[in-house]
1. Among L61, V32, L50, whose Cα sits farthest toward the positive end of the charge dipole of the stretch 22-63 (+1 at Cβ of Lys/Arg, -1 at Cβ of Asp/Glu, about the Cα centre)?
2. Counting only DSSP beta bridges with both residues in the chain, what percent are antiparallel, rounded to the nearest 5?
3. Which net charge results when you count Lys and Arg as +1 and Asp and Glu as -1 among the other residues whose beta-carbon is under 11 Å from that of Y137?
4. Taking the inverse of the average 1/r across all pairs of different Cα atoms in the stretch 155-248, what Kirkwood radius in Å do you get?
5. Let me check against my output: what whole-number percent is the relative contact order of the stretch 6-54, with C-alpha pairs under 8 Å and at least 6 apart?
6. To the nearest 20 debye, what is the magnitude of the charge dipole of the chain about its Cα centre, counting +1 on the Cβ of each Lys and Arg and -1 on the Cβ of each Asp and Glu?
7. Note down the accessible area of T212, probe 1.4 Å, to the nearest 10 Å².
8. For the stretch 344-398, which trypsin sites (Lys or Arg not before Pro) are both in a DSSP coil and crowded by at most 14 other Cβ atoms within 10 Å?
Amino acid sequence: MPSHDVLIAGGGNAAMCAAVSAAAAGARVLVVEAAPRDWRGGNTRHTRNLRLAHDAATATLTGPYPADEFMDDLLRVTDGRTDEALARLAVERSKSLGDWLGGQGVLFQPALGGTLSLSRTNAFFLGGGKTLLGALYRKAEGLGVKVRYEAEVVGLDIEDGTFRAAEVATPLGAERIEASSFIAACGGFEANIEWLKQGWGEAAENFLVRGTPYNKGKVLRLLIDAGVRSVGEADQCHAVAIDGRAPKFDGGIVTRLDCVPFGIVVNADAERFYDEGEDVWPKRYAIWGRLVAAEPGQVGYAVIDAKSLELFIPSVFPPEEAETIGGLAEKMGLDPAALKRTVETFNAACREGHFDPTALDDCRTEGLKPAKSHWARRLDTPPFYGYPLRPGITFTYLGVAVNREARMLMEGGQPSANMFAAGEIMAGNVLGQGYLAGLGMTIGAVFGRIAGGEAGAHFAH
Ligand SMILES: Cc1cc2nc3c(=O)[nH]c(=O)nc-3n(C[C@H](O)[C@H](O)[C@H](O)COP(=O)(O)OP(=O)(O)OC[C@H]3O[C@@H](n4cnc5c(N)ncnc54)[C@H](O)[C@@H]3O)c2cc1C
């Protein structure tokens, strides 16, 4: 008999929710995390909140967010590209998540105001994702869960859809670890540029990875090769425009740029390419990664003037600054004459209106292509500021198919005897495209709990 009932690959939210649930059911659980201890927890380290359905305001959430509204939001952003039964399951189970996480020692902070406008729908972790992880690891280890760091799953022994053992690379060499069941909770393949190229072509070379360098999709590839059914497309992902000076990996939330609606964005030819004021920023920020990815060299440049500097949460990097548009262009490596022309044309098209940064106002351009539909104000007040932009990939959606038990489905549609998945690696079941803020953590926690409960159910010792 294997010495572990449940082997879990991964060390983020999905893995630890699964570990706690499996151990609470009485199973002997081993977690293998590819990262060293100081870097444990993958993309979860960077998170701030999760989305929860609830019927009435709570201490940490303002008004109600009924399950039906959550579901409608999900159907809208995915444009129907979702497994409705699994999406409904995630939404319904999100109702109990706040209390459940609280029971594991996770603390939430009182509802916030501010630019994200999420206080009704999303609960924020006190201390952020790292503190949430600290609580889950503490709880899991208290329940007897063993955790091994620098332990990367690099091979899987799977026979007819049944897991037998994993080959795990450790600093001391490769090891074969057997277990009665297996939970894959080891993220997507967002840190694997070669795989990203299959969806995005050479452009992926210029992507920045907002989170962990460890999510390379190794286990996902092994599972698909072993006959597990895949869901989702290689180019579907969450990607935002981030500060182009961010590091290649792990820049996290502080490299995000929220100034787009208040100025203009140009490409390497100093030309505008999309309506910067199409809608409020929380509804638009997730499309700008794709937009910048489609431009030459996968770069963009956001330009604002002194009127807008205080209207958004700044990036961790200070903006380029100059007294003239030409001077700013030089600092950003753009053709000064071309940027001046673009700004003059934009300024000439701006119509007077009542500027309101918190609502869809009536400041718009006339006769300009592409138009700017809201918050269009002349760039006329020095100093002028500029931020370089690049696509920042958050996480990929192509993953393994699961059923309501978080059990993997094989190519023929039959459920695996003992393999489960949770988190990013199966998020594509719910997210065929688009995104709703906080959904990544909701999917990880809901399916982590289910996977842990199912995998651990038969092992009360
Ligand atoms: C900057 C940033 C901010 C975000 N903010 C939010 C937010 O506020 N709310 C939200 O809902 N979502 C947010 N997200 C998305 C969110 O991080 C993910 O959806 C969620 O954390 C995924 O959890 P997970 O457990 O599936 O993956 P992860 O937390 O990424 O964990 C995957 C783990 O698997 C390990 N691993 C990888 N390969 C192997 C292997 N072969 N063997 C063993 N271990 C392996 C990794 O080291 C890692 O520990 C954010 C993402 C980023 C990058």
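The values are calculated or read from the model by the stated rules, or taken from the named source; none is laboratory data. Please read all numbers here as calculations on a predicted model, not as lab measurements. In this analysis, Cβ positions are derived from the backbone assuming ideal geometry, glycine residues included, and neighbour counts consider all displayed protein chains. Accessible surface is based on the protein model in full, side chains and every heavy atom, while ligands, DNA and RNA are left aside. Shrake-Rupley method; radii C 1.70, N 1.55, O 1.52, S 1.80 Å.
1. It is V32.
2. Working: 46 of 63 bridges.
Expressed as a percentage, antiparallel bridges in the chain total about 75.
3. Values: positive: R37, R40, K130, R138, K139; negative: E33, E141.
That works out to +3.
4. Values: mean 1/r = 0.0657 Å⁻¹.
For the stretch 155-248, inverting the mean 1/r across all distinct Cα pairs yields 15.2 Å.
5. Dividing the mean separation by the residue count of the stretch 6-54 yields 41 percent.
6. Details: 46 positive and 57 negative charges, 194 e Å.
Rounded to the nearest 20 debye, it is 940 debye.
7. Taking all protein chains as shown, T212 has close to 0 Å².
8. Details: sites: R351, R364, K372, R377, R378; in loops: R351, R364, K372, R377, R378.
Those satisfying the criteria are R351.
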